[in-house]
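The next block holds one structure in the form of structure tokens; read it before the comments.
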Amino acid sequence: MLQAHNISITQGGTTLWPDLNLSIAPTERLGIFAPSGYGKTTLGRVLAGWQQPTKGRITLDNQPLPLKGYCPVQLVPQHPERTFNPARTTGAALYDVWQPGNEWLEALAIVPELLKRYPSEVSGGELARIALLRALAPKTRFLIADEITAQLDPLMQAQAWRFILQQSQQRNLGMVIISHNNALLDQVCTQVWQPKP
Ligand SMILES: Nc1ncnc2c1ncn2[C@@H]1O[C@H](COP(=O)(O)OP(=O)(O)OP(=O)(O)O)[C@@H](O)[C@H]1O
């Protein structure tokens with residue numbers, strides 16, 4: 001179970017998510033739909049341990065997230081280009097984490113050639129799929145997906161989500177899915193949270 005215990009995040013002079021409590025089971029996919037600037041990306045970062053909450057704590061099975069080694073809560077960020085080392089190939093960045101076989105590459109339409117290139121030499125959608133594949137390492141137990149398919153064309157979006165849902169269901173991969181696409185959230189989530197107007 002991934003949990004936020006009474007967290008608040010103060011940044012930019014505002015308190016985001018005041019006193020938020022959240023519990024996500026491995027069988028759940030929680031959608032988050034809120035206006036721009038509400039704090040969705042920040043919440044995703046906090047849930048994955050990329051940023052500390054100002055108050056409260058995040059736990060995985062009642063333990064703090066590990067400070068060292070692989071974190072079983074993985075964030076696929078809205079802008080993966082900011083998180084890849086520009087001096088290393090996309091393949092090096094992927095294989096540092098795990099060694100997916102060809103069937104994984106095919107499922108996300110990643111041509112092996114792309115893995116020999118640097119992040120600046122692949123398209124935004126290609127890099128988004130490589131970032132997703134990297135985060136789907138077998139040790140990942142919760143996936144925080146921040147607008148991960150916004151850069152894909154509709155057919156590729158559908159293919160990627162079919163694959164992600166299959167993964168989520170087969171291996172009990174709990175998810176938090178952040179999106180401005182209400183229809184998508186209704187299709188892929190087990191529940192959707194949105195602030196009251
Ligand atoms: N590093 C930062 N320092 C100060 N304020 C920040 C920082 N990053 C984000 N903010 C502010 O925090 C608030 C929440 O930002 P966040 O990116 O989490 O919102 P969001 O709901 O994901 O927005 P969008 O839908 O536009 O991506 C915004 O008001 C933003 O300006």
Top-ranked residue in the range 165-180 [being within 30 Å of residue 36 (Cβ to Cβ) and away from the ligand (no atom under 16 Å from the Cβ); ranked as surrounded by the fewest Cβ atoms within 10 Å (Cβ to Cβ)]: 165
Checking residue 42 against (1) exposed (fewer than 13 other Cβ atoms within 10 Å of the Cβ); (2) free of Cβ contacts under 8 Å to residues at least 40 places away in the same chain, the condition it does not meet: (1)
Would you check if there is a residue in the range 12-29 being free of Cβ contacts under 8 Å to residues at least 60 places away in the same chain and within 12 Å of residue 146 (Cα to Cα)? no
Would you confirm whether or not the range 62-74 contains a residue that is among the aromatic types (Phe, Trp, Tyr) and buried (at least 17 other Cβ atoms within 10 Å of the Cβ)? no
Please work out which residue is surrounded by the fewest Cβ atoms within 10 Å (Cβ to Cβ), limiting yourself to the range 101-114 and to residues that are under 22 Å from residue 166 (Cβ atoms) and among the acidic types (Asp, Glu). 103
Out of the residues in the range 59-76 that are in contact (Cβ under 8 Å) with a residue 40 or more places away in the chain and of a type in the set (A, V, I, L, M), which is farthest from residue 133 (Cα to Cα)? 60
Looking at 80, 86, can you tell me which residue is surrounded by fewer than 16 Cβ atoms within 10 Å (Cβ to Cβ) and at negative phi? 86
Within the range 18-33, the residues that are among the hydrophobic types (A, V, I, L, M, F, W, C) and surrounded by 15 or more Cβ atoms within 10 Å (Cβ to Cβ) are 20, 22, 24, 30, 32, 33
Out of 134, 141, 162, 117, report the one residue that is at pLDDT 95 or above, touching a Pro at 6+ places or on another chain (Cβ under 9 Å) and surrounded by fewer than 20 Cβ atoms within 10 Å (Cβ to Cβ). 141
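The values are calculated or read from the model by the stated rules, or taken from the named source; none is laboratory data. These numbers were taken from a predicted model, which means no experiment stands behind them. Positions of Cβ are generated from backbone atoms using ideal geometry, with glycine treated the same way; all protein chains shown enter the neighbour counts.
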